[in-house]
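Throughout, read-outs are computed from the coordinates displayed, never taken from laboratory work. What you see is a predicted model, and the numbers here were worked out from it, not measured in a lab. Backbone-built Cβ (ideal geometry, glycine too); neighbour counts: all protein chains shown.
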């Protein structure tokens, strides 16, 4: 058992384990420029608040221990199912070595979320299976009552959608994906998915694409550092993936039925459904403050590309800079710049 204050301290100490404060600051600037984070927000503080408030337990592969965060309540059904969830992580680590499997490069954010969704999905599925066998009907009813009490969680609802979506996705859609895998091949298939995880959030959202080995399209980009001129540097790179494109496509709209912890019907999700691959680079000039985001995307069909480019045109007013969208067959390039004159540096075509 660990106090929430001690967990907060631990979380702060590991916040930039795979990144640097400079990289996290660049990510914050990127999210603000794409309209996904309020201009006054502090990303590090928001992440600390979100995880400190919402995480009930965690497994630490460094010391082979799982910790349950103490609550002002007797050890009851919620704590039991939480224990089952974290015990599953311990078993995953014992059998497969979670730290060795984990993708550590922060610029592969989409693949990281895809992998995490299998790990959390397995733990959620297994704890649910354990619950049905081991908890009494009264305890299961108590779980429902406790869950209903969490629906009005204002802190979670008021979090920027991009952060909330990334927090809930591994547990919600991860559970649905792992349930599909388990239903088709039992735990042997789940074990295989842990060792050969989905390569994208797309494969989590559409499990058939995982089974059909539909990997993301490798999108090549041109380094614009020299073309943009003296003082520019590539400050941030990322693959957004279908999940984050979903969030961008909402344009700030929230689901009509907004229940924390449950899958939702996201507005304009169909725009992201034809995602094939993407790569994004953000260039900055520290001296002048100028910046440019070059986001190149690939789509399953020309119609999917058109749908995406049209939606970007509809919501470009939510972006911080001037936007230029160009579509060519199954490819769409979105460029957002602090100054339209920076578009002159882009290669023709």
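What shape does the stretch 1-50 take by its C-alpha gyration tensor, where a ≥ b ≥ c are the square roots of the eigenvalues and a/c under 1.5 counts as rounded, a/b above b/c as prolate, and the rest as oblate?
Oblate, because a/c is 1.5 or more while a/b does not exceed b/c.
Which length gain, in nm to one decimal place, applies between residue 9 and residue 270 when the Cα-Cα distance is subtracted from 0.36 nm times their residue separation?
Taking 0.36 nm per residue and subtracting the Cα distance, the gain is 89.9 nm.
Take the alpha carbon gyration tensor of the stretch 4-211, find the square roots of its eigenvalues, order them as a ≥ b ≥ c, and report rounded if a/c is under 1.5; if not, report prolate when a/b exceeds b/c, else oblate.
It comes out oblate by the Cα gyration axes.
How many nm separate the modelled label positions at residue 218 and residue 101, each set 7 Å beyond the Cα in the direction of the Cβ?
2.5 nm
Quote the FRET efficiency, to the nearest 0.05, computed for residue 40 versus residue 288 with a Förster distance R0 of 25 Å and r equal to the Cβ-Cβ distance.
It comes to 0.65.
In nm, what is the difference between 0.36 nm times the number of residues separating residue 83 and residue 254 and their Cα-Cα distance?
The span from residue 83 to residue 254 would gain 58.3 nm if fully extended.
Angle, helix 43-54 long axis vs. longest principal axis of the chain, Cα atoms, 0 to 90°, nearest 10?
Its long axis makes an angle of about 20 degrees.
Taking the Cα atoms of the stretch 225-345, report the difference between the largest and smallest coordinate on each principal axis, in whole Å and largest first.
Cα extents, longest axis first: 48, 33, 22 Å.
Roughly what would the spin-label model give for residue 25 and residue 138, points 7 Å off Cα along C-beta, in nm?
That separation, rounded to one decimal, is 5.7 nm.
Give the residues of the stretch 71-89 whose amide nitrogen is closer than 17 Å to a point set 7 Å from the Cα of residue 129 in the direction of its Cβ.
81-89
Between residue 306 and residue 211, what is the spin-label point distance in nm, taking each point 7 Å from the Cα along the Cα→C-beta axis?
Once both label points are built, they end up 3.2 nm from each other.
When you count, for each residue, the other Cβ atoms within 10 Å and take the mean per peptide, how do 93-106, 267-280, 302-315 rank with the highest first?
267-280, 302-315, 93-106
Rounded, prolate or oblate: which fits the stretch 27-83, taking a ≥ b ≥ c as square roots of the Cα gyration tensor eigenvalues, rounded meaning a/c under 1.5, else prolate when a/b beats b/c?
Here the stretch 27-83 falls in the prolate category.
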